[in-house]
Amino acid sequence: PAYRQLLTDLLAEGKTTGPNQSDFYIEIAKLNQRRMDRLDKRVKLSEALEQQLKSLQKSYLLLTLTEGWCGDAAQSMPVINQLAENSDKVELKVVLRDEHTALMDQFLTDGGRSIPKVIVLDTETNEVLGAWGPRPAPAQKLAMDYKYKPVPKEPYEEFNVALHTWYARDKTQTTQSELLNLFSTLEEL
């Protein structure tokens with residue numbers, strides 16, 4: 001809730017998170033706010049994930065690196081928030097990537113500062129137990145295929161539409177499945 005309020009307050013001032021305050025980034029942040037609002041209303045955790053959350057034996061902190069202008073974060077943050085809201089064994093702390101680059105640089109994806117990045121810590125020891133992100137595996141494949149496609153490649157806007165179309169069709173199910181698998185693995189440690 002504090003993260004979402006920060007985004008709302010910044011947008012009311014015509015700003016977004018991070019150092020890039022271009023009109024383009026602010027428009028993307030507005031779109032992402034609408035995406036998160038929509039997902040907040042529509043996301044229902046799967047029965048398997050709800051059961052996993054109820055049966056957790058350990059307590060976890062989900063330290064999540066994100067930014068308001070990140071489209072992948074807008075697609076995942078409502079699910080990540082629901083994890084914390086649906087379990088007293090899961091706490092969510094959100095930090096801004098561009099204000100915590102030293103932390104981000106410990107969790108790069110393919111050499112880049114891709115977000116969102118969920119770092120899972122043991123709440124008793126603060127030991128890093130695992131990580132998830134920046135996006136579900138099928139979406140990551142789309143992104144990597146685009147990134148490494150030889151030139152000429154379609155414009156970024158076309159890739160972005162394809163990526164968010166994938167998210168819309170998936171309805172957070174892959175994100176939920178991957179997070180379920182992550183918690184299942186962590187509980188076995």
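What do you reckon, is residue 148 touching a helix residue (DSSP H, G or I) at 6+ places or on another chain (Cβ under 6 Å), more than 22 Å from residue 93 (Cβ to Cβ) and not aliphatic (A, V, I, L, M)?
Working: touching a helix residue (DSSP H, G or I) at 6+ places or on another chain (Cβ under 6 Å): no; more than 22 Å from residue 93 (Cβ to Cβ): yes; not aliphatic (A, V, I, L, M): yes.
Criteria not met by residue 148.
Annotation: of all residues in the range 112-143 being more than 17 Å from residue 61 (Cα to Cα) and among the charged types (D, E, K, R), the one that is most open to solvent (accessible area, probe 1.4 Å) is 141.
So is residue 109 at negative phi, out of contact with any strand residue (DSSP E or B) (no Cβ under 7 Å at 6 or more places or on another chain) and surrounded by fewer than 20 Cβ atoms within 10 Å (Cβ to Cβ) or not? Against the criterion (at negative phi, out of contact with any strand residue (DSSP E or B) (no Cβ under 7 Å at 6 or more places or on another chain) and surrounded by fewer than 20 Cβ atoms within 10 Å (Cβ to Cβ)), residue 109 qualifies. The residue list 93, 44, 30 contains one member that is open to solvent by 30 Å² or more (accessible area, probe 1.4 Å), without any contact (Cβ under 8 Å) to a residue 40 or more places away in the chain, assigned to a strand (DSSP E or B) and over 18 Å from residue 184 (Cα atoms), which is 93.
In the range 135-171, which residues are farther than 16 Å from residue 35 by Cα, among the aliphatic types (A, V, I, L, M) and not in a loop (DSSP other than H, G, I, E, B)? Give the derivation first.
At the first step, the residues of the range 135-171 found to be farther than 16 Å from residue 35 by Cα are 136-159.
Filter once more, so that each one left must be among the aliphatic types (A, V, I, L, M): 137, 139, 142-144, 151.
Result: 137, 139, 142, 143, 144.
Criterion first (in contact (Cβ under 8 Å) with a residue 60 or more places away in the chain and either touching a helix residue (DSSP H, G or I) at 6+ places or on another chain (Cβ under 7 Å) or closer than 21 Å to residue 17 by Cα (or both)) does residue 101 satisfy it? Break it down stepwise before answering.
Values: in contact (Cβ under 8 Å) with a residue 60 or more places away in the chain: no; either touching a helix residue (DSSP H, G or I) at 6+ places or on another chain (Cβ under 7 Å) or closer than 21 Å to residue 17 by Cα (or both): yes.
Judged against the criteria, residue 101 is not a match.
The values are calculated or read from the model by the stated rules, or taken from the named source; none is laboratory data. If you're wondering where the values come from, they're calculated on a predicted model, not measured in any experiment. Note: ideal-geometry Cβ built from the backbone for every residue, glycine included; neighbour counts use all protein chains shown. Side chains included, ligands, DNA and RNA excluded: accessible areas come from the protein's heavy atoms. Shrake-Rupley method; radii C 1.70, N 1.55, O 1.52, S 1.80 Å.
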